[in-house]
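The values are calculated or read from the model by the stated rules, or taken from the named source; none is laboratory data. No experiment lies behind these values; they were computed from the predicted model shown. Cβ sites come from the backbone with ideal geometry, for glycine too, and all protein chains shown count toward neighbours. Side chains are part of the model used for accessible areas, which takes the heavy atoms of the whole protein and leaves out ligands, DNA and RNA. Shrake-Rupley method; radii C 1.70, N 1.55, O 1.52, S 1.80 Å.
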Amino acid sequence: MVHTVSSRTQPDLGSAHVLVVEDEPFIAYDLILAVEDAHGLPVGPAATVLEALDLIGSHKIDAAILDVTLSDGTVGPVLEALEKTGVPIVLHTATPQSSGLSDRFPQVAVYTKPTAVAVLTRHLAKQLQR
Amino acid sequence: MSDFSCADGSGFGDAAIERDEGLGEEDARYAAIINTAPDAIIVFAVGEGRIIAWNPAATRMFGYSMQEAIGAPVTLLLPEPCPEGPTGVFDRALSGEEVQIDTVRRHKDGRLVDVAITANRMIAANGRVLGVVAFMRDITDRTAIRAQLQASEAKFQAIVDSIDQMIWSTRPDGHHDYFNQRWYGFTGAPDGATEGEAWNDMFHPDDRDRAWSVWRRSLATGEPYHIEYRLRHRSGRYRWVIGRAQPVRDAAGRIVRWYGTCTDVHDLKVAQEALRASEERFRFALDAAGGIGTWSWDVRTDIVTVDATFATLFGVEPERAADGLPIATYVAAIHPDDRGAVAAEIARAVDGGDDYLAEYRVTGLDGKTRWVLARGRCARNAQGLPARFPGVVIDITDRKSTEEALRIAVERIDLALNSGAIVGTWVWDIPADRFTVDERFARSFALSPQQCQQGLSLGLLMASIHPEDWSHVRQAVASVMETGGPYSAEYRVRQFDGTYRWVEANGHCSLDAAGKPLRFPGVLIDIDRRKQVEEELRRKEAEATEATRILRTVIESVPALIYVKDIDGRMRIANGPVMELIGKPWSEVEGRTDLEFLDDKEQGRRIMETDRRIMESGTTEELEEVVGQDERGPRIWLSHKTAFRDGTGQVVGLVGTSVDLTSRKRAEEDRQLLVRELNHRVKNLFAVAVGMVAMTARTSAGVRDMADALTGRLLALARAHDLIRPAVTGEAAATDGTTLVELMQAVIVPHLAPGTDSLHLEGPQVHAGPTAATSLALTLHELATNAAKYGALSSTQGTLTVSWQTEGDTLILLWRESGGPVVRTPPARRGFGSQLIQMSIGSQLGGRISQEWCQAGLRVTLIIPFGKLSQ
C-alpha cells in the first residue's frame, strides 16, 4: 500500500537541501536515497544532535526529516534551530507521544515509524511548493 | 390436885364441875392429868364466860394464882386490842366450833405470851352445855422462828406486791390460802378474801371448765400447770392471763403447798391477734391483689403502667390502663387537698433520687374515697437521669387496725419492690425446725397439702431446691443463723412438673438473748424472668465480646490499613498495618490527626481535606492516596472511606480501609515502560527492516543476491536482538546487554564453513549495551559477509582473528583476515556495507574505523569509546 502510493506519484523536492537526522544506518540511507529519488539534495545523515547542529551551521537547509530519539538526546535543539528558519520539517519517530515535542512544536508534522520514506518526502515537497 | 380449883373453891380433883354428879375414881385420874399437864387448861363458864377452872400450868403461864383466876371474866387474859376480837375464840367455841389458833395472851405482869389455843365446847352427859375448855400452850419459845418467818414473809410480801403478777398459794388439797395485792387489785375481791369468794365466777364462762380440769389434773398428778384463760377484771370485762402453778414439796417429797401466778397478757394477746389478722389481711391482699396495687412510671415517656388493683383504686378502668397512661390521669384521682403534697413528693423523689413515700386519699372506681400509702423509688439510667419509677400503693383506709400489718407489709413491699413478685412467705421456728408457709410458698416448692400439714423442716424444703444450689443456700442459712439479721439467696426450686424455677429468698433471722437462732421469717420472690433476662444478657455480652474479639482479630490480620477517625479527624482505632505505616507508638497516634502524626505534612493536609469532604457529604469514596515513603518513593494506597454515623444518623467520624497499591502501581509503570520500550524497538526494527530492504534492493545485482544479502542482514539483526532482549525486557539488568564474545559468535559463526576452525576470538570480557550491540552486530555482519564473499572466510585455508583490548576509556578492536584470496586493491566503489559500517561506528557509536588491504588480507581497526559501548 505504502509502496503503491510512493511508486505512483513521485514527489519533487525541486533540488531543495533536505537535512536527514537519523541514527539507524539503514533508515538513514534509505532516507538519503529517498531524498535523492525526489530530486532533493540530502544533507547528512546526522546520527546525533551535535552532528545535526553542525550541519545546520555549515549547510543551507530547506527542509528536514528528523528522528526524535538520538544517542545524545532528543532532537529538540535541532527543532529549535530549524524553527527559526521556518523550513518544513517532518518528525519520523517510533514513539510520537513520549518526547512531548509535538506539544511544543504543534505545526511540525509527525510520522510514526515505520512509514514509507516517500510519504515523508511527499509531505516536504508539498510544503515547499506553497 | 389441890392446884386445880374450881370457881366454887373446891379442887378439881375432888369437886366436880357439876357437884351433884359427883366424881368417881376416874375423875380423880383426870384431875391428876389436868394438874400435871404442861399446857394451861382453862374452863370458861357458859354465859358470860367467867373462869371456872384453872390449872397450875395456867398459873405458871400467866402469873395469876388459881384464887385470882377463878371467877375472873373471860377477858382476863386478853390483850388490848385482841387480834381475834373480845370474845372471838369463846363465842366460836361455844357455838360448837373447834377453834385452833395461834395468838397472844396477856401475862399478869402485862407482857404478851405467845400461845397456841385449842378451844372446845364442854357438854355434859345430859347434853347441857357447860362452857368452853381452852388448852393453851406456851409457844414463846417459837418466837425467834416466828420473827424470822415474819421478816421473810414481809420480804416475800414486798416482793410479791411489787411483782406485776398475781400470786397465790394453796394447801396441798387445793384450798387457796393466799393472794397477793395484785390479785385483789385485779379482781376487785375484798382484801384478805381467800377460798371461795375470791374465785367465784372469776373465769370466763368459755374457759371455766377447761381451767378447772387442768387444775384438778395438776392437783391429782402433782405436775406443774400452764394455761391461758380469760379472768374477770374488776371492771367486769375479761382479760387474757397466763396461769402457772408449781408444787413445793417437803423433804419426803410430799406436796406441802402450791404456788401459782397469773400474768396479764391481754395487751400482748390482742396485739398478736391484730398481727395475725393483719397478716391474713396482707396475705389476702397479695393473693387477691385486693389492697396492693403496683405501678411503674417511665419518666422519660411519661407512661405509667399499672396493675388492675392500682387502676381500680385510682378510678381508672383496668382495660383503659392496660396500655399505659400519662401520670396526670392518676394524679387527677388524688383528693384535691392532697394533690399538691403528693406532686411535691413525686418531684422530690424524681429530682433527688430519694425514696418516695406518701399517704393520701384517692377516689376509686366505686366512687369511694380511700386512704392509700404509696411507696416507690425513682431509678436512674447510666447518665444519672431519672428513668423508671416503680412502686406500690396499699389501701390503708382501715389503718387503725392494720398498723402492724402495714409495718410488715411495707417491709415486704420493700423486698418485693426490688425484684419482682412475691410468690410466698415463710416463718421458720428454728428450735422446733418447723416451717409455717403460705399456700403460694407451698406451691412454689411443689409441696402437697399433706406435707404442709405434717410440718415442714429445712431438710424437706432443701429437697425441692436444685442440688447445684444446695451448698450456697446452706452456707447462707448457716451464716445468718450464726449472726442473725437479713438473709438473701437465689436458687432454683423444683416445680410440680419437674422443671426448676429461679426464686430469690429474702428473710431475717432473729436470735435470742443467748445468741441462738429463734425465728426466721421471709418472703420468696419469683426471679425466673429476671434470671432469664440476666442469662440472655450474659449470653449477648459474651457474644458481643466474642464478636469484638473476632472483629479485632480480623482487623489485625487483614493486610490492609483499617482505621476509624472521629469527626475532627483524630485517630480512634487503627490496626497493626496502620501503626507500621505511621511508624510511631499508639500513644503518639491516638486522638491525633494525620497532620499531627504524619511526618510529611503535605500528605497529612491532603488526607484531612479528603476526610473532611467525605464526612461533610456523608458519603463513601474510593480513591488513591499517597501516604508514607519507601526507598523507591512515595507509597500509594487505594482507600475506601465511609462517613460513620451514630444511632441518630449524625456523622460522627470516618471508617476507612486502605490497600497498598505501591508495588502494583510500580509494576504497572514498569510494564508500561517496558511496553513503550518494546514498542519503540519493534517499530525501530521494522523501520530498520524497511530501510534494509530498500537499501539492499538498491545495492543488489539481482533478486537472488538481494535475497541472500537481506536474509543475512535480517538474521544478524535478529541475533543481536536475541542477545539484547533480556536487557530490554527486564529479564536481566538493563546495563547487562551482552558481551563481545557472545555477539561475535552469534554474528560471525553463521558465515564460517561447516567444520572449519578458522575463527579466533581474543580479548577480555567487555559488555555491550543494547544500542551498541545492534550497531556492532550489523557492522560485524557486514565485515563477515565481505570476508565470506571475498576474503579469508571464502577459502578453507583462511582464518579470521578478532582481538580487542581496552585502552583508557576506549575499546580497540582489531579484525584481521589471512589465508584468503590475495587482495590486490581496495574495492573500486565503496559499497553500502562500508557506508553502513562508517555510519554505525562513526555516527552511532562515536568511534573511528580504519581499513587496510594488506597482502595477507583485510585489517580493520575499530576504536569505540566505552561510554557509547555500554548504551
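If you roll a 1.4 angstrom probe over the protein chains with everything in place, what fraction of the accessible area of chain B belongs to carbon and sulfur, to the nearest %?
Values: 24230 of 45690 Å².
Exposed carbon and sulfur together represent 53 percent of the surface.
Which ³J(HN,Hα) values, rounded to whole Hz and listed in residue order, are derived for region B:69-80 from phi using the Karplus coefficients 6.51, -1.76 and 1.60 in 6.51 cos²θ - 1.76 cosθ + 1.60 with θ = phi - 60°, glycine and proline given as x?
7, 4, x, 5, x, 4, 7, 3, 9, 6, x, 10
Diagonalise the Cα gyration tensor of chain B and give the resulting equivalent ellipsoid semi-axes, square root of 5 times each eigenvalue, largest first, whole Å.
Details: eigenvalues 4450, 228, 94 Å².
Taking √(5λ) for each eigenvalue gives 149, 34, 22 Å, largest first.
Using R₀ = 30 Å, calculate the FRET efficiency as 1/(1 + (r/R₀)^6) where r is the Cβ-Cβ separation of residue B:371 and residue B:531; round to 0.05.
Result of the calculation: an efficiency of 0.25.
What's the FRET efficiency of residue B:48 with residue B:114 using the Cβ-Cβ distance as r and R₀ = 25 Å, to the nearest 0.05? Before the final figure, lay out each step's value.
Values: r = 27 Å, r/R0 = 1.06.
That pair, residue B:48 with residue B:114, gives E of 0.40.
Using 0.36 nm times the number of residues separating residue B:320 and residue B:173, minus their current alpha carbon distance, what extension gain do you get? Spell out each step's value before the answer.
Numbers: separation 147, 0.36 × 147 = 52.92 nm, distance 7.59 nm.
Taking residue B:320 through residue B:173 to full extension adds about 45.3 nm, to one decimal.
Through the Karplus equation 6.51 cos²θ - 1.76 cosθ + 1.60, θ set to phi - 60°, convert the phi angles of region B:238-244 into ³J(HN,Hα) values in whole Hz; use x for Gly and Pro.
8, 10, 6, 10, 10, x, 9
Counting only residues 5 or more places away or on other chains, whose amide H sits under 5 Å from the amide H of residue B:378 once H atoms are built in the peptide plane?
Under 5 Å from the amide H of residue B:378 lie the amide H atoms of B:356, each far enough along the sequence or on another chain.
Students often check this: by mean Cβ neighbours within 10 Å, which of B:593-601, B:440-448 ranks highest, and how do the rest follow? Could the numbers behind the result be given before it?
On the way: B:593-601: 16.8, B:440-448: 18.9.
The peptides rank, most packed first, as B:440-448, B:593-601.
Amide H neighbours of residue B:139 under 5 Å, counting only residues 5+ apart in sequence or on other chains, H built in-plane at 1.01 Å?
Amide H neighbours of residue B:139: B:114, B:115, B:116.
Check residue B:303: other-chain or 5+ apart residues with amide H under 5 Å from its amide H, H built from backbone geometry?
Result for residue B:303 returns B:298.
For the pairs A:84/B:683; A:60/A:113; B:601/B:641; B:683/B:868, note any where the Cα-Cα span goes beyond 24 Å.
Violating the 24 Å Cα-Cα cut-off are A:84/B:683; A:60/A:113.
Which distance in nm do the two modelled labels at residue B:789 and residue B:206 give, with both placed 7 Å along the Cα-to-Cβ direction?
Result for the modelled spin labels: 15.5 nm.
Could you pull out every one of the aspartates and glutamates with an alpha carbon less than 17 Å from that of residue B:665, ignoring same-chain neighbours closer than 8 positions?
Within the straight-line cut-off, residue B:665 pairs with B:622, B:624, B:625, B:630, B:631.
Summarise the partner chain shielding of A:60-73 as one whole number: the mean count of Cβ atoms from other chains within 10 Å of each residue's Cβ. Please report the intermediate quantities before stating the final value.
Working: counts 0, 0, 0, 0, 0, 0, 0, 2, 0, 2, 2, 9, 3, 0.
Mean shielding by partner chains, rounded to a whole number: 1.
Relative contact order for chain B using alpha-carbon pairs under 8 Å, separation at least 6, rounded to a whole percent?
Working: 1511 pairs, mean separation 33.2, N = 871.
Reported as a whole number, the value is 4 percent.
Measure off 7 Å from each Cα along the Cα-to-Cβ vector at residue B:75 and residue B:765, then give the distance between these two points in nanometres to one decimal.
Here the modelled spin labels are 17.4 nm apart.
Compute the orientation-averaged projected area for chain A from the convex hull of its Cα atoms and round it to one decimal in nm².
Working: hull surface 28.4 nm².
Dividing the Cα hull surface by four gives the mean projection, 7.1 nm².
Give me log10 I(q)/I(0) at q = 0.16 Å⁻¹ for region B:669-869, Debye formula, one equal scatterer per alpha-carbon, no solvent.
-1.09
Rg to Rh ratio, region B:558-660, alpha-carbon atoms and Kirkwood radius? Don't skip to the end; give the middle numbers.
Values: Rg = 12.9 Å, Rh = 13.6 Å.
Value, to two decimals: 0.94.
How big is the protein assembly as shown by the Kirkwood estimate over distinct Cα pairs, in Å? Present the calculation step by step, with values, prior to reporting the outcome.
Values: mean 1/r = 0.0218 Å⁻¹.
Across the protein assembly as shown, the inverse of the average 1/r is 46.0 Å.
I'd like the Karplus ³J(HN,Hα) series for region B:167-181: coefficients 6.51, -1.76, 1.60, θ = phi - 60°, whole numbers in Hz, and an x wherever there's a Gly or Pro.
10, 8, 9, 9, 6, x, 7, x, 6, 6, 10, 7, 9, 7, 4
Pick out the long, greasy-scoring helices in chain B: whole DSSP H runs spanning 18 Å or more along their own axis by Cα, mean Kyte-Doolittle at least -1.0.
Membrane-span-like by this rule: B:143-162, B:266-288, B:336-352, B:399-419, B:467-483, B:662-699, B:703-729, B:770-789.
Pulled fully out, how much extra length does the chain show between residue B:588 and residue B:65, if you take 0.36 nm times their separation in residues and subtract their Cα-Cα distance?
Numbers: separation 523, 0.36 × 523 = 188.28 nm, distance 13.57 nm.
Full extension of this stretch gives 174.7 nm more.
May I ask you to compute the full-extension gain from residue B:622 to residue B:711, defined as 0.36 nm times their residue separation minus their alpha-carbon distance, rounded to one decimal in nm? Mind dumping the intermediate values first?
On the way: separation 89, 0.36 × 89 = 32.04 nm, distance 5.54 nm.
Value of the extension gain: 26.5 nm.
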